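Asks: This structure is in structure tokens; I'll ask about it shortly.
Each reported figure results from applying straightforward, stated rules to the coordinates on display, with no laboratory input. These numbers come from a predicted model, not from an experiment. Here the Cβ positions follow ideal geometry from the backbone for every residue, glycine too, while neighbour counts run over all protein chains shown.
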Amino acid sequence: MNKYESIYDFAVNNNCRANFDEPMSKHTSFKIGGSASLFVTPSDDDALINLLEKCAQENVRTYILGNGSNILVSDEGIDAVVISMCRDEDQIQVSDDGIVSCSAGVSLMKVCRTALKNSLSGLEFAYGIPGSVGGAVYMNAGAYGGEIKDVIVSCKAVSRDGVVTEFKKEDMLLGYRTSVFNSNDYIILSAKFRLIADNPDNIKSRMDDFMNRRKTKQPLEYPSAGSVFKRPEGYFAGALIEECGLKGKRIGGAEVSVKHSGFIINVGSATADDVMKLVEFVKETVKKEKGVELEPEIRIVR
Ligand SMILES: Cc1cc2nc3c(=O)[nH]c(=O)nc-3n(C[C@H](O)[C@H](O)[C@H](O)COP(=O)(O)OP(=O)(O)OC[C@H]3O[C@@H](n4cnc5c(N)ncnc54)[C@H](O)[C@@H]3O)c2cc1C
């Protein structure tokens, strides 16, 4: 029995769904990527913690997946147990004092709609970000002047050896598209947001406005991972790329979007290699012509 067969047996006997050689193109917004050696969806936090302990004991690498909207998986796939946080039983609870508690796998869109239903404001900026709550906290996702940092109170996370800790906002070191979780290897299990009461018509109109701006400016009709590069200080990545004449530049099936130069889209059957080559080409061109170093926001996973 190889290491993945032994983890598979453990997983299916411990409240997890599991598949060998799962194509990651099915689980990423880019619709690109080779297979995960083993793809597991634990049904709850206990199942997740047991699985993590088993993988640690067996010295098997794990990779945590949210909604797959900020990653590029290599064509060779991921030689690891990919653990999906997006499960069927994901939960959102709203308390009278405006605290919204969510498990990590809930989609941000669903949280935004729940906030609206409860006349709670603060998360409108996130309407249209296609990530999970865990991925959004990990990335400190943001848009239109708002970010997770503005609304988060605390989150619960577990270390790879199974120790659960509560992180207060100040412990999370939330910065521009970064958090402490980028370096501490903890897995976010749930998060609490503090929202404020407002008129639902006003909340809805802000959500609709942000969504319309996305639909007008972003190539949502194509698979992508959103903005490929972080905003360099004092510049906009999209504007720099456009000024370098790179709009519409293609390598294989990967294209710098004509609609929004900050996006690379999959126009057909792009490979991860096509996207990586295009990312490098854009970086080199912008560095040469503008003297600005672009840093990718998307995570490359091998
Ligand atoms: C069309 C489009 C528009 C977008 N617009 C925006 C935008 O306006 N603003 C913005 O900030 N982003 C945007 N994004 C990028 C992306 O949606 C966000 O970064 C989102 O927060 C990623 O969440 P996810 O669940 O998809 O994470 P994934 O892509 O699955 O993972 C991202 C990283 O988080 C880690 N991770 C995920 N879940 C957990 C967890 N529970 N515990 C620990 N680590 C975890 C992963 O290991 C990985 O390193 C956009 C993407 C697309 C495709």
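Asks: Mind running the shape call on the range 219-301? Use the C-alpha gyration tensor, a ≥ b ≥ c as the square roots of the eigenvalues: rounded below 1.5 for a/c, prolate if a/b tops b/c, oblate otherwise. Walk me through the intermediate numbers first.
Replies: On the way: a/c = 1.57, a/b = 1.52, b/c = 1.03.
Prolate.
Asks: While we're looking at this one, here's another question. Starting from the Cα-Cα distance between residue 243 and residue 5, subtract it from 0.36 nm times their residue separation and give me the gain in nm to one decimal.
Replies: The span from residue 243 to residue 5 would gain 80.5 nm if fully extended.
Asks: Given points 7 Å out from each Cα along the Cα-Cβ axis, report the residue 75 to residue 113 separation in nanometres with one decimal.
Replies: Placing both labels 7 Å along Cα→Cβ, they lie 3.7 nm apart.
Asks: Using the Karplus equation 6.51 cos²θ - 1.76 cosθ + 1.60 (θ = phi - 60°), what ³J(HN,Hα) coupling, rounded to whole Hz, does each residue of the range 100-106 give in order, writing x for Gly and Pro?
Replies: Once θ is set to phi - 60°, the couplings for the range 100-106 become 10, 10, 9, 6, 5, x, 5 Hz.
Asks: Here's a follow-up. To the nearest 500 deg cm²/dmol, what mean residue ellipticity at 222 nm is calculated for the chain from DSSP H runs of n ≥ 4 alone, each contributing -39,500 (n - 2.57), summed and divided by the residues?
Replies: Theoretical 222 nm ellipticity from helices: -9000 deg cm²/dmol.
Asks: Going by a ≥ b ≥ c, the root eigenvalues of the Cα gyration tensor, does the range 158-234 fall in the rounded group (a/c under 1.5), the prolate group (a/b larger than b/c) or the oblate group?
Replies: It is oblate, given that a/c is not under 1.5 and a/b is not larger than b/c.
Asks: For a paramagnetic label modelled at 7 Å from the Cα of residue 221 toward its Cβ, which residues of the range 244-274 fall within the zone defined by backbone nitrogen distances under 15 Å?
Replies: Within reach of a label on residue 221, which here means backbone N under 15 Å from a point 7 Å along Cα→Cβ, the range 244-274 contributes 257-260, 265-268.
Asks: Taking amide hydrogens as modeled 1.01 Å from N in the peptide plane, which residues meet the under 5 Å criterion relative to residue 153, leaving out close sequence neighbours?
Replies: 192, 193, 194
Asks: Quick one: of the DSSP bridges fully inside the chain, what percent are antiparallel, nearest 5? Walk me through the numbers on the way to the answer.
Replies: Values: 40 of 51 bridges.
Of all bridge pairs located within the chain, approximately 80 percent are antiparallel.
Asks: What does the C-alpha gyration tensor say about the overall shape of the range 1-114? Classify as rounded when a/c is under 1.5, otherwise prolate if a/b is larger than b/c, or oblate.
Replies: The shape class here is oblate.
Asks: Sticking with this structure for a sec: How large is log10 of I(q)/I(0) for the chain at q = 0.14 Å⁻¹ when the intensity is taken from the Debye formula with one equal scatterer per alpha-carbon?
Replies: -1.10
Asks: Evaluate the relative contact order of the chain (contact order divided by residue number), counting alpha-carbon pairs under 8 angstrom at least 6 apart; express in whole percent.
Replies: Rounded, it is 17 percent for the chain.
Asks: Can I ask one more? Amide H of residue 230 versus every other amide H placed in the peptide plane: which residues, excluding those fewer than 5 positions away on the same chain, fall under 5 Å?
Replies: Correct list: 295, 297.
Asks: Next question, about the same structure. Kindly flag which residue pairs out of 156/290; 217/283; 215/290; 168/247; 110/230 have an alpha-carbon separation exceeding 32 Å in this structure.
Replies: Check vs 32 Å cut-off fails for 156/290; 168/247.
Asks: Shifting gears a bit: If amide H atoms are built 1.01 Å from N in the plane of the peptide, which residues on other chains or at least 5 residues away come under 5 Å of the amide H of residue 72?
Replies: Excluding prolines and chain starts, which carry no amide H, the hits are 299, 300, 301.
Asks: What does the charge dipole of the range 3-84 about its Cα centre add up to, to the nearest 20 debye, if the Cβ of each Lys and Arg holds +1 and the Cβ of each Asp and Glu holds -1?
Replies: Result for the range 3-84 is approximately 220 debye, rounded to the nearest 20.
Asks: Per residue of the range 116-121, in order, report the coupling 6.51 cos²θ - 1.76 cosθ + 1.60 (Karplus, θ = phi - 60°) as ³J(HN,Hα) in whole Hz, putting x for Gly and Pro.
Replies: Those phi angles translate into 4, 4, 9, 6, 10, 10 Hz.
Asks: Right, next: Could you derive backbone 3J(HN,Hα) for the range 154-171 from the dihedral phi with the Karplus parameters 6.51, -1.76 and 1.60 (θ = phi - 60°), listing whole Hz in sequence and x where the residue is Gly or Pro?
Replies: My calculation for the range 154-171 gives 6, 8, 9, 9, 10, 7, 5, 9, x, 8, 8, 9, 9, 9, 7, 3, 5, 7 Hz in order.
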